[in-house]
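The values are calculated or read from the model by the stated rules, or taken from the named source; none is laboratory data. In this text, all values refer to a predicted model and were calculated from it rather than measured experimentally. Every residue, glycine as well, gets a Cβ built from its backbone with ideal geometry; the counts of neighbours run over all protein chains shown. These accessible areas exclude ligands, DNA and RNA; they are computed on the full protein's heavy atoms, side chains included. Shrake-Rupley method; radii C 1.70, N 1.55, O 1.52, S 1.80 Å.
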Amino acid sequence: MMFNLKFLEHNVAIDQDTWTALATTGSDVSLETIRAAILGVLEGGGTFTVEDSNDQVVRRVETPAEFEGYMQEIDMQRDQFQQEQA
């Protein structure tokens, strides 16, 4: 799978459909790579956004701690998705 992030000066954004695909069926390596890139932006004082098809923000994360909480949600979604597929 190919995933695209949009890097702006102090922001990184990802399309909602892409984020959903990554969160559910993306490889662990892909998720960890993107996770590290996003965390680097947040640690530098930037933000992370998930955007819908109209470029409207559906989720905005501003701190590393908030992102780690969000990633815990993603990890639970991955676990649930993988159990449903088994």
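Per residue, how many Å² of accessible area does the chain show with a 1.4 Å probe?
Averaged over the residues of the chain, the accessible area is 62 Å².
Pop a pseudo-label 7 angstrom from the Cα along the beta-carbon direction at both F7 and T20 and give the gap in nm to one decimal.
Going by the 7 Å Cα→Cβ label model, 2.8 nm.
Treating the beta-carbon of each Lys and Arg as +1 and of each Asp and Glu as -1, no other charges, what is the dipole magnitude of the chain about its Cα centre, to the nearest 20 debye?
That gives the chain a dipole magnitude of about 120 debye.
Taking the simple approach of a point 7 Å from Cα along Cα-to-Cβ for both E32 and E62, what is their distance in nm?
Roughly 3.1 nm, to one decimal.
5 Å is the cut-off here: which amide hydrogens, built 1.01 Å from N in the peptide plane, fall below it relative to R59, excluding neighbours closer than 5 in sequence?
V50
Once ligands and nucleic acids are excluded and a 1.4 Å probe is used, how much of S53 is accessible, expressed in Å² to the nearest 10?
Probe radius 1.4 Å; accessible area of S53 about 100 Å².
Using only protein heavy atoms and a 1.4 Å probe, report how much of T18 is accessible, in Å² to the nearest 10.
About 40 Å², rounded to the nearest 10.
Counting only protein heavy atoms and a 1.4 Å probe, tell me what percentage of the stretch 16-84's accessible area is made up of carbon and sulfur.
Details: 1790 of 3890 Å².
Its accessible area is 46 percent carbon and sulfur atoms.
Could you give the length gained by full extension between N54 and Q83, i.e. 0.36 nm per residue of separation minus their alpha carbon distance, to one decimal place? Mind dumping the intermediate values first?
Working: separation 29, 0.36 × 29 = 10.44 nm, distance 3.19 nm.
Length difference between fully extended and current span is 7.2 nm.
Normalising by the residue count of the chain, find the relative contact order in percent from Cα pairs under 8 Å and 6+ residues apart. Write out the running numbers ahead of the final one.
Working: 96 pairs, mean separation 24.5, N = 86.
Reported relative contact order: 29 percent.
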